[in-house]
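So the structure is just underneath, and the comments pick up after that.
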Amino acid sequence: MWGETKPMLKSRGGAGGGEDGDYFAQAPRKGDWWSTGLLKLVTAMVIFMAGVVIGLSVSANVSRYYYNSHTELFFPTATYSSCDRRGAAGDCGPGFKAFVHPPTLAHSMTDDELFWRATLVPTAEEFPFQRVPKVAFLFMTRGPLPFAPLWEKFFRGHQGLFSVYVHTIPDYKLNVSKTSPFYGRQIPSEEVSWGSITLVDAEKRLLANALLDYSNERFVLLSESCIPVFNFPTVYEYLINSEHSFVESYNIDTPQSAGRYNRRMAPHILADQWRKGSEWFELNRELAVRVVADYKYYSIFRKHCRPSCYPDEHYIPTYLHLFHGSLNANRTITWVDWSRGGPHPARYGAGNINVEFIQAIRNNGTQCLYNSKHTSVCYLFARKFAPSALGPLMNLTSTVLDF
């Protein structure tokens, strides 16, 4: 039975022919198969080689970037042998020394930029350099400094213990010699109007420029009519060793004191918090930073302390009373004579200057506290002096003034 079974599939073109041919394609001839295979192989090889070339190119670029960037990060190829690490030469920008002790006072910062920069406070406990504390002498003047020769003699021999900063009217140039401590010490200044908030602006500007030098520890504001009544070592030791700053701050029921308070300052500043004091202050570094950084209370004074309010006599005394009263000795160290009355103090010229006059300023019967102890040395500076007083004062430098 199995032997008689008929085949189910027939070959196309076989004996039966026609429509009954099988469903399998005819096998290619040997020559056709060889040509087709070779073409496919060559095509595949070309594509493969192209991919290899492209891949190697991309990989080389990526590797080069990765290697260069990481090598430069951990093993920089750039050398800095031409740069002075102290910032004295080369194209490396200012070094650390120039950062902590600016060699020049010239800059293009706005007040806002300057105040921000000046109030940067390091949190490290120690300085990475040998810091000798200095006293910054801040002179506010519209023009010349008639007592510059007296101050030059006062400063002589004490380099490294003081800094000088001068705020004048814009574009004014001090006429001093290149050897003078006032040479090159004018800060970028703005116009100032007496009795206006611009006086406070000038005070902040002086403080901020002085704060850029990290060795400045004490800051004393002076005018062109101020003189020292002690020699430099006495002044330096008095200020550097003081536990307090020296800002006069009081409030009495008079039109010139309590009468200047503006009720629109409430609730930030209340009537019993209002204070008045001499413009001629002395601050330690901590309080100088606080004053320069303050914008809130400065803005209140700018808006409400006008006219006839004289913000320079009220802003710092009130601000310190509000927040830092314990750090303030609550007195000024600049002697002035208001006994004659009027809006301005007495002015002394050549005819008033003698040994007895200087001694009277030093020992005028006043008692004050210094580091919580009573002392009769309460004033280090005095004003207001006319330019004619310079000659007689210079004659006293080798005797009573002792410099």
Potential extension, residue 324-residue 240 segment - 0.36 nm per residue separation minus Cα distance: 28.4 nm
Given Cβ point charges of +1 (Lys, Arg) and -1 (Asp, Glu) and nothing else, what value in debye, to the nearest 20, does the dipole of segment 141-194 about its Cα centre take? 280 debye
Given a Förster distance of 25 Å, the FRET efficiency implied by the Cβ-Cβ spacing of residue 124 and residue 104, rounded to the nearest 0.05, works out to 0.45
Using Cα pairs under 8 angstrom and six or more residues apart, how large is the relative contact order of segment 122-175, in percent? 50 percent
So, R0 is 22 Å and r is the distance between the beta-carbons of residue 346 and residue 296; what FRET efficiency does that work out to, to 0.05? 0.05
Could you size up the charge dipole of segment 188-341 around its Cα centre, putting +1 on the beta carbon of Lys and Arg and -1 on that of Asp and Glu, and report it in debye to the nearest 20? 680 debye
Take the cross-link list 204/296; 153/178; 178/384 and give me the ones stretching past 18 Å between alpha-carbons. 178/384
Sort 366, 168 from largest to smallest accessible area, using a 1.4 Å probe on the heavy atoms of the protein chains. 366, 168
Quick one: ranking 253, 112 by accessible area, 1.4 Å probe, largest first, what do you get? 253, 112
With every protein chain present, what accessible area does residue 305 have (1.4 Å probe, heavy atoms only), rounded to the nearest 10 Å²? 10 Å²
Find out how many positive minus negative residues lie around residue 312, taking Lys and Arg as positive, Asp and Glu as negative, among other residues whose Cβ is under 14 Å from that of residue 312. +2
Can you put 374, 324 in order of accessible area, largest first, using a 1.4 Å probe? 374, 324
According to the square roots a ≥ b ≥ c of the eigenvalues of the Cα gyration tensor, what is the shape class of segment 175-248, taking rounded for a/c under 1.5, prolate for a/b larger than b/c otherwise, and oblate for the remainder? oblate
Given the protein chains as shown and a 1.4 Å probe, how many square angstrom of residue 316 are accessible, to the nearest 10? 10 Å²
Karplus-derived HN-Hα couplings along segment 156-169 (A = 6.51, B = -1.76, C = 1.60, θ = phi - 60°), whole Hz, x at Gly and Pro: 4, x, 10, 4, x, 10, 8, 9, 10, 9, 10, 10, 10, 5
For segment 172-208, which trypsin sites (Lys or Arg not before Pro) pass both filters: DSSP loop (anything but H, G, I, E, B) and at most 14 other C-beta atoms within 10 Å? 173, 178
Karplus 3J(HN,Hα) series, Hz, for segment 136-152 with 6.51 cos²θ - 1.76 cosθ + 1.60 (x for Gly, Pro): 9, 9, 9, 9, 10, 8, 8, x, x, 10, x, 9, 4, x, 5, 5, 4
Keeping all protein chains in the complex and leaving out DNA, RNA and ligands, what accessible area do you get for residue 250 with a 1.4 Å probe, in Å² to the nearest 10? 80 Å²
At R0 = 41 Å, FRET efficiency that the Cβ-Cβ distance of residue 161 and residue 308 yields, to 0.05: 0.50
For segment 111-165, how big is the tail of P(r) above 19 Å, as a whole percent of Cα pairs? 52 percent
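The values are calculated or read from the model by the stated rules, or taken from the named source; none is laboratory data. Keep in mind the model is a prediction, meaning the values are calculated, not measured. Glycine gets a Cβ as well: all are built from the backbone with ideal geometry, and neighbour counts include every protein chain shown. Just the protein is used for accessible areas: all its heavy atoms, side chains included, with ligands, DNA and RNA removed. Shrake-Rupley method; radii C 1.70, N 1.55, O 1.52, S 1.80 Å.
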